[in-house]
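Notes for the one structure printed next.
We did not get these values from a lab; they are worked out from the coordinates using the rules stated. Note that the structure is predicted; figures quoted are calculated from it, not measured. Here the Cβ positions follow ideal geometry from the backbone for every residue, glycine too, while neighbour counts run over all protein chains shown.
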Amino acid sequence: MSHLRLIAATLKHRGICSLMKKNVNKKEFLPSRSYVSPGATEPFLSGSNSNYVEEMYYAWLDNPKSVHKSWDLFFRNATAGALPGQAFQTSLPDLSGSKTSLVQSHGLTKSPAKAGKLVEDHLAVQSLIRAYQIRGHHVAQLDPLGILDADLDSFIPSDLITTIDKLGFYGLYESDLDKVFQLPTTTFIGGNETMLSLREIIKRLENTYCQHIGLEFMFINDVEQCDWIRQKFETPGVMKFSNDEKRTLLARLVRSTRFEDFLARKWSSEKRFGLEGCEVMIPALKTIIDKSSEMGIEYVILGMPHRGRLNVLANVIRKDLEQIFCQFDPKLEAADEGSGDVKYHLGMYHERINRATNKKITLSLVANPSHLEAVDPVVQGKTKAEQFYRGDTEGKKVMSILLHGDAAFAGQGVVYETFHLSDLPSYTTNGTIHVVVNNQIGFTTDPRMARSSPYPTDVARVVNAPIFHVNADDPEAVMYVCNVAADWRNTFNKDVVIDLVCYRRRGHNEMDEPMFTQPLMYKQIHKQVPVLKKYADKLIADGTVTLQEFEEEIAKYDKICEEAYSRSKDNKILHIKHWLDSPWPGLSRILRSRLEMTKNQVVDWALGEYMAFGSLLKEGIHVRLSGQDVERGTFSHRHHVLHDQDVDKGTCVPMNHLWEQQAPYTVCNSSLSEYGVLGFELGFAMSSPNALVCWEAQFGDFHNTAQCIIDQFISSGQAKWVRHNGIVLLLPHGMEGMGPEHSSARPERFLQMCNDDPDAFPEFDDDFAVSQLYECNWIVVNCSTPASYFHVLRRQLLLPFRKPLIIFTPKSLLRHPEAKSSFDEMVSGTSFRRVIPEEGPAAEAPGEVKRVIFCTGKVYYELVRERKNQDLEKEVAITRLEQISPFPFDLLKSEIEKYAKADLVWCQEEHKNIGYYDYVKPRFRTIVNHTRPIWYVGREPAAAPATGNKNTHLVSLRRFLDTAFNLEAFEGKMF
């Protein structure tokens, strides 16, 4: 030991002790950037690195082969008693496998300096190889569009710049390019060759690591697994396919592409969340299933978001096409039970013969909501159960595949949580294959705004899962990666990630206009040749298929689709096609329409919000708006950030240029996260009472993935910690036939947590409205006019205290022709109206009114329209609750007393067990002291918040509107 310390001290003095770095688990020493042989004499590194030599020495004692052979000789001589300066030996063992040593073969036996340089150059080559293995993915050609960097960074690592003038980084020069070097055991680029020229080494490294596949695996702390991956990708000639395999791949691309084309032709105005831009996903999934089936898998359970789901159902699960096409029928009969759901949320179970392996395979696609990654743990639990009941303890019969979007994979915390279950004994499913459809955009949010990590897949590194990035416009590269991923999962029973770097040819859905926010990307996309044509042209050019064969393949599948389409109409209600104008007019048109409104002194919802924010900014109040796609607005209504159509990152926020001394306005698209982002905004709101901090959910029901923040911090924060907070939650809400996931912001949940007493009739005084607000734990409103929205936002900062504000914001009312307000309702002297009473003919003769309908939100406009259609404007009064909680006892008492002879009705569009009914019922009873009946009109109780069937939605709407205005024989239900 003392002799070792003497060696280390001497080496430290000479500054040559950082020759190698150690993989502690495997005692494998790997070269760092700077290398010298043990005989070098010039200091070049700090002495602190002498610890590496000491570690190397211990590893050498354990296994002499774990270090370079020159160090092996050095340690042998040193431990035999040679002084450190004499321990280096130029007569090296044979490194090439021949009887003549490498030093002798270069004629260097008589020159210690040249021998030292030779060892140094070999170590430099090892460093070069390792640099490509670690960082080659950073310069791989992954983006099919050729405009973005998959890792968000155009910088090329300096140790990967291997041009002639940069080789000096390694101490190598142009004269070394044709020198032959012994390949280390940590690479397989040589195949059966053990020595290659430096020029050939660089060429093979470039082909392996810097083309259409980018490999991240060197962080894995298992040498066997790293070697396995290196061998799969570095071995020359491994990525070859037979002509039959290429033809199969082409046929699968035809089906994937033509399916989307068929839907686009037949249902051009329907949302379908098509796969255009990543058509290769279908053959990719089929390749994984084929390979897994070949290795013994009998049951594959899949989970995925909505993009490409219909294509997966059709071409992977093999659901009958006519059944899929039926889902586009607007008059499709509802199921016997339940609400149903929109077509791109549906799942399926199917057992069939796998044609590639001739083995039986069962495929299950788990149904899931729009909450994207929420399905991940569900799939894992289902997989675990299937393995358990089959006694499949190693996952050799049952496996899971999870598909992800890039923004959700990076933004949703449940992804991280699910990964951390992957190796827990009671939860492991023995490896999941994750396929990320990397659109390089999340809805309208640029990746640079959606994540802090270089790749969306970096979360997988926490469990040492290898990550294979691949250019989705190279189908053969994708297929090879899929085969390797399936093999990895079968070999090591661990997770693996395939990152399909692609693009989204259309917007987020087929109704969306992406040019608003990503003009440069979509200019390139419009010019991009589809992957099917690229690959077909390639195979035709090399003679694998003929043009006639390719066209026949297309015609065959098109015929299958047409025949299925015909069958889908048999014995069904006649289709009624709703051809819609594009809801996304040009941006200039949007701004012009706002100018016209100001000339006419009226505002719509978006302009009302703009004016509320702007007036607060003028008063020195900072306004912050955060959430998914809030810059433009989920419904393309806001446009608070304008994008230059020709210059990347060229943006303007007009609201920051309204007044000379105004406060700043912050509007920011968030990552695809609710839990984390809402918590962040809550903390932001805690820092200052003089800021309007708003978080907007993409759809109101998405707040449920942040329920912990709402329950533990927002609702009860003041009661538990005496901490006031003025955060505003904007939750789009409204029943419009959009399915259970995009309808209800779940008002009942917020109202259930309100702390006002439903049975106590309050005492009224001049300050009743304000004292109510002071005593409540939060404020819940459902505004029906832009003026109400304008005033309630301003009131939030004008109050002498702070309370959380929950606003159920509209969707269809954003552009409703009647949902507009005059400037007169927003000038000085006006304020927020907790209740908007009837102001039409019925109010002029209240004694003749037969019915008063109380309601809140969007349903008001449907009631007004129906009242007019039935010519009941004198007989029926309609009163709106703009503020639901705290309950406006005083104003409603006046309204009820005003219409002393009228029936009292509460009408809501939500189901009876959902919405406001359970909150308003006891409070109305308290107002009338149980002396007058109050009737309920609305939808019947249901488990889901809305139906996914458009026809069922319209039928139920018609039913409760008829009930609301049936003055002769009331069919409602009394409170």
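How would you classify the range 844-974 from its alpha-carbon gyration tensor, with a ≥ b ≥ c the square roots of the eigenvalues: rounded for a/c under 1.5, else prolate if a/b is greater than b/c, otherwise oblate? Here the range 844-974 falls in the oblate category. Each listed q (0.16, 0.19, 0.25 Å⁻¹) maps to a log10 I(q)/I(0) for the range 171-259, found by the Debye formula over equal Cα scatterers with no solvent: -0.80, -0.97, -1.23. Considering only alpha-carbon pairs that sit under 8 angstrom and 6 or more positions apart, the relative contact order computed for the range 844-974 is 27 percent. Residues whose amide H lies under 5 Å from that of VAL667, counting only those 5 or more places away or on a different chain, are LEU625; hydrogens are built 1.01 Å from N in the peptide plane.
Computed extension gain for VAL653 through PHE155, at 0.36 nm per residue and net of the alpha carbon distance, reaches 176.4 nm. Note that the range 213-222 has calculated 3J(HN,Hα) couplings of 10, x, 10, 10, 8, 6, 7, 5, 8, 9 Hz, one per residue in order, obtained from phi through the Karplus relation 6.51 cos²θ - 1.76 cosθ + 1.60 (θ = phi - 60°); glycine and proline are x. Roughly how far apart, in whole Å, are the Cα centres of the range 790-837 and the range 350-370? Centre-to-centre distance over Cα atoms comes out at 52 Å.
Legend: residue pairs LYS811/LYS868; LYS618/LYS898; LYS271/LYS803; LYS271/LYS912; LYS319/LYS534; LYS803/LYS912, Cα-Cα distance threshold 32 Å; pairs beyond threshold, LYS618/LYS898; LYS271/LYS803. Taking every DSSP beta bridge that has both ends in the range 844-974, the antiparallel portion is near 10%. If both residues of a DSSP beta bridge must be in the range 611-825, then about 10% of such bridges are antiparallel. Couplings 3J(HN,Hα) for the range 797-812, derived from phi with the Karplus relation 6.51 cos²θ - 1.76 cosθ + 1.60 (θ = phi - 60°), are 9, 7, 5, x, 8, 10, 9, x, 10, 9, 10, 7, 8, x, 10, 5 Hz, where x marks Gly and Pro. With the cut-off at 1.5 for a/c, could you classify the range 760-860 from its C-alpha gyration tensor as rounded, prolate or oblate? Taking the square roots of the gyration eigenvalues as a ≥ b ≥ c, the range 760-860 is oblate. A cut-off of 5 Å between modelled amide H atoms, ignoring neighbours fewer than 5 places along the same chain, links SER885 with VAL780. Amide H contacts of SER400 (H built 1.01 Å from N, in plane; Pro and chain starts excluded): ILE301, ILE433 sit under 5 Å, all sequence-distant by 5 or more or on other chains. Between ASN690 and SER812, the C-beta separation translates, for a Förster distance of 35 Å, into a calculated FRET efficiency of about 0.50. Is the shape of the range 165-216 rounded, prolate or oblate, going by the alpha carbon gyration tensor and its root eigenvalues a ≥ b ≥ c, with a/c under 1.5 for rounded and a/b larger than b/c for prolate? Taking the square roots of the gyration eigenvalues as a ≥ b ≥ c, the range 165-216 is oblate.
Our coupling estimate for the range 839-853, obtained by passing each phi through the Karplus curve with A = 6.51, B = -1.76, C = 1.60 and θ = phi - 60°, is 10, x, x, 4, 6, 7, 9, x, x, 9, 6, 8, 8, 10, 9 Hz, Gly and Pro reported as x. When the listed pairs LYS240/LYS527; LYS291/LYS396; LYS286/LYS384 are checked against a 24 Å cut-off, the alpha-carbon distance exceeds it for LYS240/LYS527.
Here's the list of aspartates and glutamates a cross-link from LYS556 could span, going by alpha-carbon distance under 17 Å and ignoring same-chain residues fewer than 8 apart: GLU260, ASP261, ASP320, GLU322.
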